[in-house]
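Before any comments, here is the structure.
The values are calculated or read from the model by the stated rules, or taken from the named source; none is laboratory data. Model, not experiment: these values are computed from the prediction. In this analysis, Cβ positions are derived from the backbone assuming ideal geometry, glycine residues included, and neighbour counts consider all displayed protein chains. The area values use the complete protein model at the heavy-atom level, side chains included, leaving out ligands, DNA and RNA. Shrake-Rupley method; radii C 1.70, N 1.55, O 1.52, S 1.80 Å.
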Amino acid sequence: VAAESKASTSAEATKPPSPARQRVKKTPNDFIFGKVIGEGSYSTVYLAKEVSTQKEFAIKICEKKHLIRERKTHFVMREKEVFMKLDHPFFVKLAYTFQDSERLYYVLTYARNGELLGYLHKLSVFDVPCTRFYTAEVIVALEYLHRLGIIHRDLKPENILLSDDMHIKITDFGTSKVLPLNEHGTPVNSPEQRKKNSFVGTAEYVSPEVLNNEPANFGSDLWALGCIIYQCLSGSMPFRSGNEYQTFQKIVKAEYTFPEGFNEEAKDLVSKLLVLDPEERLGMPGTGGMSALKSHKFYAGLDWDALPSTTPPKLMPYL
Ligand SMILES: C[C@@H](Nc1nc2c(c3cc(-c4cn[nH]c4)ccc13)C(=O)N=C/C2=C\CC1CC1)C(C)(C)C
């Protein structure tokens, strides 16, 4: 990588910086690359350290020829478009982008404490205070995302990362959808949007409408939220089944049961999210919007605006 980029850097060195590019573009030589953090759909994400600041970043690298061959350039363009719009503490931030002859590089926040899923596996279940806190942070993140007209479409505990101070950092927007905004800046999810969906989320969290080939909408993220709340308190997924086909059969019928002892307020909340008709899900405009969701008794007493500055409850093994 270093050798090739030297070639392109020298080529770039002769190109006068265009006015649009005020700050100098980074190159791979500005970073020391470490372990592979994860494989995205058309990319590999590495842990890396910026030489000049010793700061750690996650760097997503895409092979240009692979993207072109797989005709996925629009995915990475859309993902970059989404990252450029996001400026909120509960999302991974895009710090720099640059390229060399072979690859595209996206330099992003490194969420040092990894996936929420990891803690859920370690503890098997979260207690009510932790479930309240972390799912409330997801709700604040969804409210921000939906206000920007962005549907995540693949929300799941693997995409909910944790920062140094144990607040959430949502990531993986490669499959998100950006809805056009009308003249008032409100997202338009019109019938024209109803073209065949090319993307289906992760089996256990995908919503009925997406399985029925209807376009994803904000309700699709609320369905995933319902699955996540269920999973935090029970340690298992509501529609988990022997195989994917059986899982899908349960999803399209919203067929699931609560385990013994499941928190009553959470039962009521989940039953208002895992509803077949997206418009009927708590948090959608027809049911009072996100403020109705935030007023649900499961979150009684929670200071929503203080969440980013609240000390997160300790994720404790279930006693
Ligand atoms: C879901 C995602 N996983 C992850 N994506 C990102 C991480 C990340 C960190 C850990 C981690 C940290 N400590 N221990 C584990 C585990 C998984 C991660 C991060 O720090 N910063 C940005 C990321 C992603 C940016 C986005 C453009 C792709 C996949 C599997 C797609 C790579």
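Restricting Tyr110, Tyr105 to those that are open to solvent by 40 Å² or more (accessible area, probe 1.4 Å), touching a residue at least 60 places away in the same chain (Cβ under 8 Å) and within 13 Å of the ligand (Cβ to nearest atom) reduces the list to Tyr110. Restricting region 166-209 to residues that are among the charged types (D, E, K, R) and modelled with pLDDT of 90 or more, the residue that is nearest to Thr44 (Cα to Cα) is Lys169. Scanning region 210-240 for residues that are at pLDDT below 95 and open to solvent by less than 50 Å² (accessible area, probe 1.4 Å) returns Val210, Leu211, Pro215, Ala216, Asn217. Set side by side, the residues Glu137, Glu143, Glu158 differ, and just one is within 21 Å of Leu273 (Cα to Cα), among the charged types (D, E, K, R) and within 13 Å of the ligand (Cβ to nearest atom), which is Glu158.
Among the residues of region 260-282, count how many are assigned to a helix (DSSP H, G or I), crowded, with 16+ Cβ neighbours inside 10 Å and not basic (Lys, Arg). Qualifying residue count, region 260-282: 5.
On the stretch given as region 54-100, residues that are assigned to a strand (DSSP E or B) and either away from the ligand (no atom under 11 Å from the Cβ) or open to solvent by 20 Å² or more (accessible area, probe 1.4 Å) (or both) total 10.
Within region 283-319, the set of residues being outside any helix (DSSP H, G or I), of a type outside the set (Gly, Ala, Ser) and open to solvent by 20 Å² or more (accessible area, probe 1.4 Å) comprises Leu302, Asp303, Thr310, Thr311, Pro312, Pro313, Lys314, Leu315, Met316, Pro317, Tyr318, Leu319.
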